[in-house]
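The numbers here are math on the coordinates, done by the rules we state, and not lab data. Everything quoted here is computed from the prediction, not taken from an experiment. Neighbour counts run over all protein chains shown; Cβ positions are idealised from the backbone, glycine included.
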Amino acid sequence: MKHQILLPDGSYMPKLGQGTWLMAEDDQKRPREIEGLRHGLELGIDMIDTAEMYADGKAELLAGHAMAGFDRSGVYLISKVYPKNANRSGIYSSLERSLRLLGTDYLDTYLLHWREDADLAEVAYCMEDLKEKGLIRRWGVSNFDVADMEDLWKVPDGNKCCVNQVLYNLGSRGIEFDLLQWQRERNIPFIAYGPVGQAGAMVTQDGVSKEQLMTDQNVREVARRKGISVVQLLLAFVLRLPDFAAIPKAVSFNHIEENLAAQSIVLTDEDLEQLSASFPAPERKILMEKY
Ligand SMILES: NC(=O)c1ccc[n+]([C@@H]2O[C@H](COP(=O)([O-])OP(=O)(O)OC[C@H]3O[C@@H](n4cnc5c(N)ncnc54)[C@H](OP(=O)(O)O)[C@@H]3O)[C@@H](O)[C@H]2O)c1
């Protein structure tokens, strides 16, 4: 069964995709990274997330190579524009470069990578123009907290934003306090980045490290009870939410296959209570976590 999410424009987005951050940084690893993405596509993980920032365009080029030979219409392609380029003088050449590197003539979704000092009225204007020109199917934002979304909703066409990509995993639950509800009231789904909390030696602003997630007794016990790996449990925790897609980055075939299987894992109330005993939902506003 295909797991999908309904977007506000009436289209569907796959629930599971493949991230590309930190790919294409090392020429020796490139062939395996391409093979990893291709393996995922062959298995039906048919969404790829990239950005003009990643390896300065080389991740987009790598994703383009991985997609070669696959039916373009069967791959859901997301890329992101730097805030400094998200304006009339920068976005057209940014997108043209992304499309050239990716070897395609349109993106399924184009995201503003983060807000910084981007002029939101200009962003919405440009994104809608790119849509009209047929260069992108739809657009969204990334790393936007409630106040940013409220500002976006105030500008003309700001509410045509289809999705917000944010950091979310069991150790980074800050958005559950307010952003989740804000977006649900407006039917704007999420894409979770860092969904398995495994990127590098990262410690989120909440102070939860990869090691804490991996070694926690409750997490380990739930995974053992369900006969799944800890990382599968972490991914299932994100995918349990019907309006959340997740884009784990994985190169190892074994990881990719595990991630695919995680889509079918059902967490019970008992599982969730036990996970929350170690990593509770927030009871106060936490400044948006990002990395
Ligand atoms: N919008 C933004 O600001 C933003 C920020 C960060 C990331 N992102 C996007 O989100 C994607 C995912 O986030 P991320 O790469 O930071 O973190 P992540 O997906 O949580 O973690 C990636 C790490 O997890 C490992 N992994 C994946 N599946 C696994 C499994 N089943 N078992 C064990 N380990 C597994 C990978 O190993 P192997 O590679 O060795 O298989 C890799 O080292 C990025 O690639 C990028 O596309 C967006």
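For the reader, a short list of remarks on this structure follows.
- The set of residues from the stretch 220-244 being in contact with a His (Cβ under 8 Å, 6 or more places away or on another chain) and either in contact (Cβ under 8 Å) with a residue 40 or more places away in the chain or over 18 Å from GLY19 (Cα atoms) (or both) comprises just one member, LEU239.
- Residue check for TYR54: aromatic (Phe, Trp, Tyr), within 18 Å of the chain's Cα centre (by Cα) and over 18 Å from ARG30 (Cβ atoms): no
- Hits in the stretch 1-31 - residues which are in contact (Cβ under 8 Å) with a residue 12 or more places away in the chain, polar (S, T, N, Q) and surrounded by fewer than 16 Cβ atoms within 10 Å (Cβ to Cβ): SER11
- Residue list for the stretch 61-92, restricted to those being within 18 Å of ARG30 (Cα to Cα) and either within 11 Å of the ligand (Cβ to nearest atom) or of a type in the set (Lys, Arg) (or both): ALA63
- Count of residues meeting criterion [surrounded by fewer than 19 Cβ atoms within 10 Å (Cβ to Cβ) and within 10 Å of the ligand (Cβ to nearest atom)] in the stretch 256-265: 4
- Residue selected from the stretch 236-255 under the condition within 7 Å of the ligand (Cβ to nearest atom) and farther than 16 Å from ILE5 by Cα, by the criterion surrounded by the most Cβ atoms within 10 Å (Cβ to Cβ): PRO248
- Set side by side, the residues LEU41, LEU95 differ, and just one is farther than 21 Å from PRO14 by Cα and touching a residue at least 24 places away in the same chain (Cβ under 8 Å), which is LEU95.
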